[in-house]
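See below for the structure under consideration.
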């Protein structure tokens with residue numbers, strides 16, 4: 001597969017292929033029919049960079065799980081993700097799985113303004129979302145952290161999914 005996004009990025013040590021990750025997150029390779037039906041179920045067109053990323057490894061727990069957002073004044077905040085939800089329905093932690101994007105909206109009250117793509121170590125109290133609120137259902141979404149305990153406050157992490165992934169680093173660096 002010709003890679004359009006993440007050119008030059010080394011994914012060789014990106015994923016933690018634990019038994020837990022394989023059981024709960026990692027889906028089979030996403031074929032076009034599955035991608036289309038998941039997009040239809042969610043009501044949003046997934047960004048091409050997310051689809052390309054999932055074609056390399058469809059969901060899972062990354063070794064690079066920390067993201068630092070640096071503000072214009074040079075200060076920064078650190079955020080940690082636990083896992084990426086893959087394109088599919090069969091694993092509980094996939095986009096359309098039992099603890100997927102719709103579950104977070106219907107059961108936990110998260111806003112329906114995008115697709116929840118990463119869970120966090122907070123056990124549901126914050127999630128990372130592809131936020132379509134400014135671009136429409138088929139535009140290029142921004143990546144935000146949504147914090148349930150702060151009235152679902154959104155914090156911009158990256159202008160797009162590729163920049164979010166490229167900004168992830170290992171905990172030791174954080």
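So that you can scan it fast, the table gives a plain yes or no per residue for (1) free of Cβ contacts under 8 Å to residues at least 40 places away in the same chain; (2) assigned to a loop (DSSP other than H, G, I, E, B); (3) within 13 Å of residue 44 (Cα to Cα):
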| position | (1), (2), (3) |
| --- | --- |
| 105 | yes, no, no |
| 109 | no, yes, no |
| 117 | no, no, yes |
| 121 | no, yes, no |
| 129 | yes, no, yes |
| 143 | yes, no, no |
| 163 | yes, no, no |
Item checked: Residues of the stretch 60-92 classified as under 20 Å from residue 169 (Cβ atoms) and part of a loop (DSSP other than H, G, I, E, B), total -> 8
Checklist line | Residues of the stretch 150-159 classified as surrounded by fewer than 17 Cβ atoms within 10 Å (Cβ to Cβ) and in contact (Cβ under 8 Å) with a residue 60 or more places away in the chain, total | finding: 2
Notebook entry, point to check: If you check residue 60 against the conditions, is it under 17 Å from residue 156 (Cβ atoms), in contact with a strand residue (DSSP E or B) (Cβ under 6 Å, 6 or more places away or on another chain) and modelled with pLDDT of 95 or more?
Noted result: no
Next item on the list: Take the stretch 35-57 and flag every residue that is assigned to a loop (DSSP other than H, G, I, E, B), within 21 Å of residue 132 (Cα to Cα) and touching a strand residue (DSSP E or B) at 6+ places or on another chain (Cβ under 6 Å).
Entry: 44
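Matching residues to (1) in contact with a strand residue (DSSP E or B) (Cβ under 8 Å, 6 or more places away or on another chain); (2) modelled with pLDDT of 95 or more:
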{"site": "115", "(1), (2)": "yes, yes"}
{"site": "130", "(1), (2)": "yes, yes"}
{"site": "136", "(1), (2)": "no, no"}
{"site": "140", "(1), (2)": "no, yes"}
{"site": "144", "(1), (2)": "yes, yes"}
{"site": "150", "(1), (2)": "no, no"}
{"site": "159", "(1), (2)": "yes, yes"}
{"site": "169", "(1), (2)": "yes, no"}
{"site": "172", "(1), (2)": "no, no"}
Next item on the list: Please work out which residue is nearest to residue 154 (Cα to Cα), limiting yourself to the stretch 78-109 and to residues that are in contact with a strand residue (DSSP E or B) (Cβ under 7 Å, 6 or more places away or on another chain) and surrounded by fewer than 22 Cβ atoms within 10 Å (Cβ to Cβ).
Entry: 79
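The values are calculated or read from the model by the stated rules, or taken from the named source; none is laboratory data. What you see is a predicted model, and the numbers here were worked out from it, not measured in a lab. In this analysis, Cβ positions are derived from the backbone assuming ideal geometry, glycine residues included, and neighbour counts consider all displayed protein chains.
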